[in-house]
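The values are calculated or read from the model by the stated rules, or taken from the named source; none is laboratory data. None of the values given here were measured: they were computed from a predicted structure. All Cβ positions, even for glycine, are placed from backbone atoms using ideal geometry, and neighbour counts span all protein chains on display.
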Amino acid sequence: MSGPVFALTYSVFGVMWGMAADKYSRAKIATLTCLAWSAASIVTGSIDGLGVLALSRFIMGVFMSSSDPAMLSLLTDYFPTRL
């Protein structure tokens, strides 16, 4: 159950985080969501039921989905396409 919850959340929120990465500071988005992602990982390690696992995987998917758009666009900003 927690696998599909994470996958659907990651897919839906990835588009939203992509739009936010185009509009706001990518470095701040990456930093804040990395902290939230780490906190969600800690909570996932201390669960005691399936409902809490699904909720923590949902939260983890929301914040983990920000890593691709923010980080990849930061890489293209910092490194030239040709050397």
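Report whether or not residue 13 is aromatic (Phe, Trp, Tyr), assigned to a helix (DSSP H, G or I), surrounded by 17 or more Cβ atoms within 10 Å (Cβ to Cβ) and modelled with pLDDT of 85 or more.
Numbers: aromatic (Phe, Trp, Tyr): yes; assigned to a helix (DSSP H, G or I): yes; surrounded by 17 or more Cβ atoms within 10 Å (Cβ to Cβ): yes; modelled with pLDDT of 85 or more: yes.
In short, yes.
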Have a look at 56, 65 and point out the one that is modelled with pLDDT of 85 or more, within 20 Å of residue 4 (Cβ to Cβ) and surrounded by 19 or more Cβ atoms within 10 Å (Cβ to Cβ). 65
Residues that are more than 18 Å from residue 33 (Cβ to Cβ), in a helix (DSSP H, G or I) and polar (S, T, N, Q), drawn from the stretch 73-83: 76
Can we say residue 35 is closer than 17 Å to residue 3 by Cα and surrounded by fewer than 18 Cβ atoms within 10 Å (Cβ to Cβ)? no
Filter the stretch 16-25 down to the residues that are surrounded by 12 or more Cβ atoms within 10 Å (Cβ to Cβ) and part of a helix (DSSP H, G or I), then identify the one that is nearest to the chain's Cα centre (by Cα). 17
Residue 3 fails exactly one of (1) in a helix (DSSP H, G or I); (2) surrounded by 11 or more Cβ atoms within 10 Å (Cβ to Cβ), namely (2)
If you check every pair at least six apart or on different chains, which have Cβ atoms under 9 Å apart with a residue in the stretch 2-24 that is farther than 19 Å from residue 34 by Cβ and touching a residue at least 60 places away in the same chain (Cβ under 8 Å) first and a residue that is outside any helix (DSSP H, G or I) and of a type outside the set (Lys, Arg) second? none
Quick one: in the stretch 26-72, which of the residues that are among the hydroxyl-bearing types (Ser, Thr, Tyr) and in a helix (DSSP H, G or I) is farthest from the chain's Cα centre (by Cα)? 44
Please determine whether any residue of the stretch 46-56 is β-branched (Val, Ile, Thr) and touching a residue at least 40 places away in the same chain (Cβ under 8 Å). no
